[in-house]
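What follows is a single structure, written as structure tokens, with notes after it.
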Amino acid sequence: MSDKKKITVSIMDGPFENARTVTALRLIDIAARRGYDITVFAYEGAVSLAFAKQTPHANAVHGRDAAEEDHPLPREWVASLIQTASANGGSLDWINCGLCVDERGMSEAVPGIRRGSPADLWKAADASDGTLTIGTR
Amino acid sequence: MPKRILQIIDTPYRCTLEEQDDPAIWITHAMRGAGGEFGLLLRGSAVNYAVKGQDAAGLTIGGRKQTQPPRLENDLARLMEKDVPVYVVQEDVEERGLSAGELLPGVHSVNRTGVAALFGEFDAIWHW
């Protein structure tokens, strides 16, 4: 029996606000390294995770310039996860909820992101071995 | 046969004024339209969504008046019209001083001890 799984993850939180975001990305990372076929439905604030214009900055409190601070950017993590999934024989289909993109003005995403709707979440979940929804609080 | 999914909401009014709805209820409507099959369980303070007669109209910030306030009662009623059963946890209703007569007709009450059995009626549980 194949170990390859299909999973769907739905997330709602934007970047830099709470631990749920990194927890979700870590779980997706594990699945990507295992070569799973992953669908991520980024809903509401989560559409900001792949926003192309996220920019690193220096940190005077830490005493570091921008290069030294090496501030992680979720858009880099998302782009890298897509590559990691592919490199391990799987896939990551990252879907931004279209209406959520519109109301937030988050129309510029890193390459590999597509616009979708709740129907995409439903179809992906129906075809998946398991689905995880991480709502916001 | 599509999977039957129980949606659980326990944190209400997170962004209902900005979004003019509850996002978990809204997405349930949308996925139902795409052919999905769902139930909705309201727990904790979210049982308040099932109260009749809520009126969030009148919000004005600066000069910007909100013309389409959230109408959660209507959203739940329309879900039930689409054959999505809506459940509330009875103890959560009572703890908040609400009575059955204050709730929308058609909402099903389930005791806390009955929630596990309710889960068993669905293929998957999505907790928003």
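The values are calculated or read from the model by the stated rules, or taken from the named source; none is laboratory data. Note that the coordinates shown come from a computational prediction; the quantities given were computed from them, not determined experimentally. Neighbour counts run over all protein chains shown; Cβ positions are idealised from the backbone, glycine included. These area figures cover heavy atoms from the full protein model, side chains too; ligands, DNA and RNA do not enter into them. Shrake-Rupley method; radii C 1.70, N 1.55, O 1.52, S 1.80 Å.
Keeping to region B:2-25, report how many residues are open to solvent by 40 Å² or more (accessible area, probe 1.4 Å), in contact with a strand residue (DSSP E or B) (Cβ under 9 Å, 6 or more places away or on another chain) and more than 8 Å from chain A (Cβ to nearest Cβ).
Of the residues in that region, 1 qualify.
For residues that are open to solvent by 70 Å² or more (accessible area, probe 1.4 Å), of a type in the set (D, E, K, R) and not in a loop (DSSP other than H, G, I, E, B), tally how many sit in region A:86-137.
6
Can you tell which of B:Ala50, B:Ala30, B:Ala116, B:Ala100 is free of Cβ contacts under 8 Å to residues at least 12 places away in the same chain and crowded, with 16+ Cβ neighbours inside 10 Å? Steps first, please.
On the way: B:Ala50 fails: free of Cβ contacts under 8 Å to residues at least 12 places away in the same chain; B:Ala116 fails: crowded, with 16+ Cβ neighbours inside 10 Å; B:Ala100 fails: crowded, with 16+ Cβ neighbours inside 10 Å.
Exactly one of B:Ala50, B:Ala30, B:Ala116, B:Ala100 is free of Cβ contacts under 8 Å to residues at least 12 places away in the same chain and crowded, with 16+ Cβ neighbours inside 10 Å, namely B:Ala30.
Among the residues of region B:55-89, write down those that are open to solvent by 30 Å² or more (accessible area, probe 1.4 Å), touching a residue at least 24 places away in the same chain (Cβ under 8 Å), of a type outside the set (D, E, K, R) and part of a helix (DSSP H, G or I).
Passing the criteria: B:Ala77, B:Met80.
Residues A:Ala52, A:Ala67: which one is more than 14 Å from every other protein chain (Cβ to nearest Cβ), free of Cβ contacts under 8 Å to residues at least 24 places away in the same chain and of a type in the set (Gly, Ala, Ser)?
Exactly one residue qualifies, and that residue is A:Ala67.
Just checking, how many residues over region B:33-54 are part of a loop (DSSP other than H, G, I, E, B) and aliphatic (A, V, I, L, M)?
Of the residues in that region, 1 qualify.
Quick check, is B:Glu94 over 30 Å from A:Gly130 (Cα atoms), open to solvent by 60 Å² or more (accessible area, probe 1.4 Å) and at pLDDT 95 or above? Working first, answer last.
Numbers: over 30 Å from A:Gly130 (Cα atoms): yes; open to solvent by 60 Å² or more (accessible area, probe 1.4 Å): yes; at pLDDT 95 or above: yes.
The answer is yes for B:Glu94.
Is it the case that A:His57 is away from every other protein chain (no Cβ under 13 Å) and open to solvent by 80 Å² or more (accessible area, probe 1.4 Å)?
Numbers: away from every other protein chain (no Cβ under 13 Å): yes; open to solvent by 80 Å² or more (accessible area, probe 1.4 Å): yes.
Yes.
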